[in-house]
1. Any residue that is at pLDDT 90 or above, touching a helix residue (DSSP H, G or I) at 6+ places or on another chain (Cβ under 7 Å) and within 30 Å of residue 195 (Cα to Cα) - is there at least one of those in region 115-131?
2. Please work out if residue 72 is surrounded by fewer than 16 Cβ atoms within 10 Å (Cβ to Cβ) and either under 30 Å from residue 241 (Cα atoms) or more than 17 Å from the chain's Cα centre (by Cα) (or both).
3. Could you list, ordered by first residue, the pairs with Cβ atoms under 9 Å in which the first is in region 299-318 and closer than 15 Å to residue 191 by Cβ and the second is modelled with pLDDT of 95 or more and outside any helix (DSSP H, G or I), at least 6 apart or interchain?
4. For residue 158, are the conditions met, namely being out of contact with any helix residue (DSSP H, G or I) (no Cβ under 9 Å at 6 or more places or on another chain), assigned to a helix (DSSP H, G or I) and over 25 Å from residue 73 (Cα atoms)?
5. So, residue 95, is that one in contact with a strand residue (DSSP E or B) (Cβ under 8 Å, 6 or more places away or on another chain), closer than 29 Å to residue 154 by Cβ and touching a residue at least 24 places away in the same chain (Cβ under 8 Å) or not?
6. Could you grab me the full set of residues in region 126-147 that are surrounded by 13 or more Cβ atoms within 10 Å (Cβ to Cβ) and over 15 Å from residue 185 (Cβ atoms)?
7. Take residue 188 and tell me if it is crowded, with 22+ Cβ neighbours inside 10 Å and either farther than 22 Å from residue 307 by Cα or in contact with a strand residue (DSSP E or B) (Cβ under 7 Å, 6 or more places away or on another chain) (or both).
8. Would you list the helices (runs of 4 or more DSSP H) that sit entirely within region 208-327 and hold 3 or more residues that are at pLDDT below 75 and farther than 30 Å from residue 5 by Cα?
C-alpha cells in the first residue's frame with residue numbers, strides 16, 4: 001500500500017479532526033517574525049506521515065469525543081517531533097529529510113537549531129494551555145526520555161558496547177516515548193479511565209519501538225529514494241542498531257574485532273557493503289523483523305479492552321503498515 005492510500009485508510013474516522021488539528025498547528029506556530037514564518041512554512045510544506053498526531057486523534061476517538069484539548073495535544077506532539085528532527089539533522093549532518101533539503105542545508109546550522117528551539121518553546125506554550133496535571137506529567141516525561149535516549153545512543157556509539165537490552169532502552173526513550181505520549185494524551189483529553197490511558201500508552205510504546213526497528217532496517221538495506229533520507233547512515237555513523245547487535249552476538253570474537261576496527265575509521269563503500277552482507281548472513285535482519293512482529297502482536301493485545309470499531313481497525317492497520325512499509 002502506498003503512503004497516501006495508507007493515510008487515507010487510517011484517517012477515515014478522523015477526517016474532520018485532522019482539519020482541526022492542522023488549523024491548531026498553524027496557529028500555534030505563527031510568529032511576528034518573517035524569517036521564522038518562512039522557515040516554518042518550509043518545514044511544514046511536506047507534512048510527512050504526521051503519524052504521531054494521528055495517533056493522538058485516534059486514541060481520543062477510541063475513548064470518546066475529542067475536545068479542544070485533543071487538537072492542542074495533537075499539535076503539540078507534532079511540534080515536538082519536528083523540533084527534534086531539526087536538531088537531529090544538525091547533529092547527524094543530514095542534508096535530506098522527507099525527500100527535500102534540510103533546514104541546515106538551505107539556511108545553516110544556526111537557523112536549524114534556533115528554529116528547533118522556537119518550536120520547543122511553542123510546545124511549552126501548548127502544554128500550559130492543556131491545563132491538566134496528568135498531561136503535563138506525560139509530556140515532561142517524554143521530553144526527558146527523548147533527550148536521554150539521544151545522549152545514551154551517542155555514548156554507546158563511542159564505546160561500541162550496545163547490547164540488545166540497552167538498545168531497547170535507548171529506542172524506548174528516543175523514539176517510543178513520543179509515540180507513547182501521543183496515544184496517552186489523546187486518551188487523557190477524552191477519558192478519566194486510567195486503564196484505557198495506560199493501555200493506549202503501552203500500545204504507543206510498542207508501536208514506537210517497532211517503528212524504530214523498521215527504520216533501523218532501512219538504514220542498512222533501504223534506498224534513499226524510497227526512504228526520503230540517507231540510508232546505510234547509522235552504519236557509517238557507528239550507531240549500533242538491532243541487526244548489527246544480533247550479528248555481534250553470534251559472530252566469532254575475531255570477526256567482531258575486525259568489524260569494530262572498520263567502524264573505528266572512515267571506511268570505503270565496498271567495506272560498508274561487506275558489513276551489510278555479514279549482517280544478512282548472520283541473521284541480523286531476520287532477527288530484527290521477528291522482534292518487530294512480536295512487538296506488533298503485543299501492541300494489538302493492548303487494544304483488546306476496546307470494542308471493535310473503525311477507529312480500532314485504523315490503529316491496527318498502522319501496525320500492519322509498519323511491518324510491510326518500504327519507506
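The values are calculated or read from the model by the stated rules, or taken from the named source; none is laboratory data. Quick caveat, the model's predicted, so the values are computed rather than measured. Don't worry about glycine lacking a Cβ; one is built from the backbone with ideal geometry, like all the others, and counts go over all protein chains shown.
1. No, there is no match, as no residue in region 115-131 is at pLDDT 90 or above, touching a helix residue (DSSP H, G or I) at 6+ places or on another chain (Cβ under 7 Å) and within 30 Å of residue 195 (Cα to Cα).
2. Values: surrounded by fewer than 16 Cβ atoms within 10 Å (Cβ to Cβ): no; either under 30 Å from residue 241 (Cα atoms) or more than 17 Å from the chain's Cα centre (by Cα) (or both): yes.
Judged against the criteria, residue 72 is not a match.
3. Correct list of pairs: 312/306.
4. Working: out of contact with any helix residue (DSSP H, G or I) (no Cβ under 9 Å at 6 or more places or on another chain): yes; assigned to a helix (DSSP H, G or I): yes; over 25 Å from residue 73 (Cα atoms): yes.
It is true that residue 158 is out of contact with any helix residue (DSSP H, G or I) (no Cβ under 9 Å at 6 or more places or on another chain), assigned to a helix (DSSP H, G or I) and over 25 Å from residue 73 (Cα atoms).
5. Yes.
6. Across region 126-147, the qualifying residue is only 147.
7. Working: crowded, with 22+ Cβ neighbours inside 10 Å: yes; either farther than 22 Å from residue 307 by Cα or in contact with a strand residue (DSSP E or B) (Cβ under 7 Å, 6 or more places away or on another chain) (or both): no.
When the stated conditions are applied, residue 188 does not pass them.
8. Of the helices (runs of 4 or more DSSP H) lying wholly inside region 208-327, those with at least 3 residues that are at pLDDT below 75 and farther than 30 Å from residue 5 by Cα span 253-263, 269-281.
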